[in-house]
Every structure is written in C-alpha cells, then in structure tokens.
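Novice: Once you've had a glance at the structure underneath, I'll fire off some questions.
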Amino acid sequence: MKRIFSKLLLSILKWSVWPSKRVRHLMAKLAGVDVDLGWSRIGENVISDSMHPKKIHIAQCTKITMGCKIITHYLNAMK
C-alpha cells in the first residue's frame, strides 16, 4: 500500500499546476525521497524513480531542471 501511495505522489509531483515550489518538495518528501528543504529546487516534469524513492537524496542548493529523470535501479535487458 505504501508503494502505491509513493508512486501516486511521484506521478502527481511532475505536473506543473503547483503554485509553490515548496509543494513539490513536500510531496517528494511524503513519497519517500530524502529532500533537504534548504535552497533546493525541483523543476516541472521531473520524473523520480518510484521503485526505490528512499535512495534519492536531494541536498541543499540543488537545482533539478525540467524534464529530468532520476533513476535508482538498473534493468539488464541484454540477457
């Protein structure tokens, strides 16, 4: 159930309807991403990995631009 909630929050996070950038920080934190609430910024349409959100750390003074994809796992498709 927690993983479904996390996946839902991370998919809503990428929408650009939020008037405040702080809303993106708080939603990412609720989804399990480790976010320092200092001067960091998360842009619009940022896609975070929903399989392992706890492995993502966004430090202070970090800026993630629009359209960035953060992936925390590896898929070996060449077997």
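Novice: Amide H to amide H under 5 Å from Val35: which residues, 5+ apart in sequence or cross-chain, H placed 1.01 Å off N in plane?
Specialist: Ile58
Novice: Quick one: Karplus J couplings for segment 48-58, per residue in order, coefficients 6.51, -1.76, 1.60, θ = phi - 60°, nearest Hz, x for Gly and Pro?
Specialist: Computed from phi, the couplings for segment 48-58 are 9, 5, 8, 6, 9, x, 5, 7, 8, 10, 10 Hz.
Novice: If the chain between Met51 and Lys7 were fully stretched, how many nm would it gain, using 0.36 nm times the residue separation less the Cα-Cα distance?
Specialist: 15.0 nm
Novice: Convert 37 °C to kelvin, take the viscosity as 0.692 mPa s, use the Kirkwood radius over C-alpha pairs of the chain as Rh, and evaluate the Stokes-Einstein diffusion coefficient in µm²/s, rounded to a whole number.
Specialist: 256 µm²/s
Novice: With a 1.4 Å probe and all protein chains kept in place, how do Trp15, Trp39 rank by accessible area, largest first?
Specialist: The ranking, largest first, comes out as Trp39, Trp15.
Novice: Under 12 Å from the Cβ of Lys54, count the other residues' Cβ atoms, weight Lys and Arg +1, Asp and Glu -1, and hand me the total.
Specialist: Net local charge, Lys54 excluded: +2.
Novice: What residues have an amide H closer than 5 Å to that of Ile70, excluding those fewer than 5 places away on the same chain, when H is modeled at 1.01 Å from N in the peptide plane?
Specialist: For Ile70, whose amide H was placed from the backbone, the distant partners under 5 Å are Ile47, Ser48, Asp49.
Novice: If you don't mind, another one. Relative to the longest principal Cα axis of the chain, at what angle does helix 2-13 sit, 0 to 90 degrees, rounded to 10?
Specialist: 50 degrees
The values are calculated or read from the model by the stated rules, or taken from the named source; none is laboratory data. Bear in mind that the values here come from a model prediction, so they are computed numbers and not experimental data. Please note: Cβ atoms are built from the backbone with ideal geometry, for glycine as well, and neighbour counts cover all protein chains shown. Ligands, DNA and RNA are stripped out before the accessible areas are found, and what is left, the full protein with its side chains, is counted by its heavy atoms. Shrake-Rupley method; radii C 1.70, N 1.55, O 1.52, S 1.80 Å.
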